[in-house]
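*Asks:* Can you keep this structure in mind? I'll have questions shortly.
Nothing in this text is a laboratory measurement; each read-out follows from the coordinates by a stated rule. Just so we're clear, the structure is a prediction, and the values are computed from it rather than from any experiment. For neighbour counting, all protein chains shown are included, and Cβ atoms are generated from backbone atoms with ideal geometry for every residue, glycine included.
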Amino acid sequence: LEVTIVQKDGYSVVSLAGRLDILTFQQVGENLTKVISEGQIRLVLDAGDLAYVSSAGLRVILQARKAVKAAGGAIAIARANDFVLDVMNTTGFTSIIPTFATLEEAEGAVKA
Amino acid sequence: MVAVPDVLQLDRELAAVPRALSWIADHAGDCGALPKVCSILEMVVEEVLTNIISYARPEDDSLEIAIYWSEPTPGTVRIEIHDSGDEFNPLEVPDPDLSLDAEEREIGGLGIHLVRRYMDHCEYERRSGRNILALVRRIHA
C-alpha cells in the first residue's frame with residue numbers, strides 16, 4: 001500500500017493506493033497519526049486507488065476521525081470504489097464520516 | 001465447478017493471511033465471481049483468519065488452520081475454515097452497536113459482523129477438536 005500526503009491551502013490530501021488490510025493498517029495508522037500530530041487536522045482521504053479494505057482498515061480510519069475531531073478538524077473520504085463504499089455503509093461508517101464521489105466535494109467539506 | 005473441495009493448509013502466522021486471500025481470489029476469479037464479490041470473499045476470510053490467529057492461545061504452537069473451497073451448485077461458493085484452537089463460535093459474538101457515534105463506538109465485533117452481513121448463510125460446528133465455520137454465498141449478485 002502506498003500513502004501519499006499532499007498539503008494544500010487549508011487542508012491535506014492523503015492518498016491511499018493498494019489494499020488497506022491487516023498487513024498495512026499499522027503503516028497507514030502511523031502516517032495518519034504523524035500528519036495529525038503535525039497539525040494537519042483537515043484531511044481528505046483519497047480512496048481513488050484503494051482496491052480493498054477490511055475491518056482493520058476501518059479501525060484506522062475511525063481512529064483518525066477521532067483524532068481530527070478532538071483537535072477541532074474534519075475528515076472526509078473521496079472516490080471510494082463500490083466495494084469500499086459498500087463496506088463503509090454496512091458498518092455505519094458513512095453516517096460518521098462523509099463520503100464524496102469527487103475530490104473537489106470532499107475538499108469543500110473539510111476546508112475551514 | 002469445484003465439486004470436490006480444494007484445500008489450503010496454513011500455519012499460524014500473519015503471512016498466512018495474504019497467502020489465503022490470493023488463493024481465494026484465484027478461485028473466485030476462476031469461477032467468474034463479480035469483482036466486488038471477489039473482494040467480499042477475501043474480506044470475510046481475512047476477518048475469520050485474523051480472529052483465529054489473534055485469539056488462539058499464544059502457547060498453542062500446534063494450531064492448525066485449513067480452508068476448503070467448493071462450489072456446491074453453479075453460482076454458489078462454500079468456504080469452510082477449520083482450526084484446531086479452543087472451542088469458539090464466532091457467530092455468537094453480538095453485533096456491534098452501529099448507531100453509536102464514533103466517540104462511543106466499540107470496535108470489537110466489526111469483523112464478524114461483516115462476515116454475517118455479507119454471507120448468504122453461515123454455520124458453525126465443533127467437530128473432532130476443530131472449529132468449523134462454513135460460509136456460503138452467491139457469486140453473481
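*Asks:* Could you work out, residue by residue across A:47-60, how many beta carbons of other chains sit within 10 Å of that residue's beta carbon, and then give the average as an integer?
*Replies:* 4
*Asks:* For peptide A:17-27, what's the mean number of Cβ atoms from other chains within 10 Å of each residue's Cβ?
*Replies:* Taking the mean over all residues of the peptide, I get 3.
*Asks:* Can you tell me the FRET efficiency between B:Ile132 and A:Ser37 if r is taken as the Cβ-Cβ distance and R0 is 41 Å, rounded to the nearest 0.05?
*Replies:* Using R0 = 41 Å, I get an efficiency of 0.35.
*Asks:* Please work out how much length the chain gains when fully extended from A:Asp82 to A:Gln27, using 0.36 nm per residue of separation minus the C-alpha to C-alpha distance, in nm with one decimal.
*Replies:* Full-extension gain reported as 17.4 nm.
*Asks:* Can you tell me, using C-alpha contacts under 8 Å and at least 6 residues apart, the relative contact order of chain B as a whole percent?
*Replies:* Reported as a whole number, the value is 27 percent.
*Asks:* Using Cα springs under 10 Å in a Gaussian network model of chain A, which residue among A:Ile77, A:Ile97, A:Ile61 shows the largest mean-square fluctuation?
*Replies:* Result: A:Ile97 has the largest fluctuation of those listed.
*Asks:* While we're here: Restricting to the protein assembly as shown, what percent of DSSP beta bridges are antiparallel, rounded to 5?
*Replies:* The antiparallel proportion sits near 70 percent.
*Asks:* Here's a follow-up. Rounded, prolate or oblate: which one fits the protein assembly as shown, using the alpha carbon gyration tensor with axes a ≥ b ≥ c (rounded when a/c is under 1.5, else prolate when a/b beats b/c, else oblate)?
*Replies:* Judged from the Cα gyration tensor, the protein assembly as shown comes out prolate (a/c at least 1.5, a/b above b/c).
*Asks:* Here's another thing I want to ask about it. Give the calculated FRET efficiency between B:Leu91 and B:Glu64 to the nearest 0.05, with a Förster radius of 30 Å applied to their Cβ-Cβ distance.
*Replies:* 0.90
*Asks:* Grab the beta carbon distance between B:Arg57 and B:Ala141, set R0 = 41 Å, and tell me the FRET efficiency rounded to 0.05.
*Replies:* The value I calculate is 0.55.
*Asks:* Let me ask you something else. How much mean residue ellipticity at 222 nm does chain A get from its helices, if each DSSP H run of length 4 or more adds -39500 (n - 2.57) and you divide by all residues, to the nearest 500 deg cm²/dmol?
*Replies:* -12500 deg cm²/dmol
*Asks:* Restricting to Cα pairs below 8 Å that are 6+ residues apart, what does the relative contact order work out to for segment A:1-53? Please round to a whole percent.
*Replies:* Normalised by residue count, the contact order of segment A:1-53 is 46 percent.
*Asks:* Still on this structure: Which of rounded, prolate or oblate describes segment B:15-141 when judged by the alpha-carbon gyration tensor and an a/c cut-off of 1.5?
*Replies:* Here segment B:15-141 falls in the oblate category.
*Asks:* Here's a follow-up. Based on DSSP, what percent of beta bridges with both residues in chain A are antiparallel, to the nearest 5?
*Replies:* Antiparallel bridges: around 30 percent, rounded to the nearest 5.
*Asks:* Determine the shape class of chain A: with a ≥ b ≥ c the square roots of the Cα gyration tensor eigenvalues, call it rounded for a/c under 1.5, and otherwise prolate if a/b is greater than b/c, oblate otherwise.
*Replies:* Here chain A falls in the rounded category.
*Asks:* While we're here: When ranked by the protection proxy of mean other Cβ atoms within 10 Å per residue, highest first, what sequence do the peptides A:35-41, A:20-26 form?
*Replies:* Top of the packing list down: A:20-26, A:35-41.
*Asks:* Something else now. Let me have the relative contact order for chain A, percent, based on Cα pairs under 8 Å that are six or more residues apart.
*Replies:* 27
*Asks:* Would you tell me the mean number of C-beta atoms belonging to other protein chains that fall within 10 Å of each C-beta in B:32-41, as a whole number?
*Replies:* That average works out to 3.
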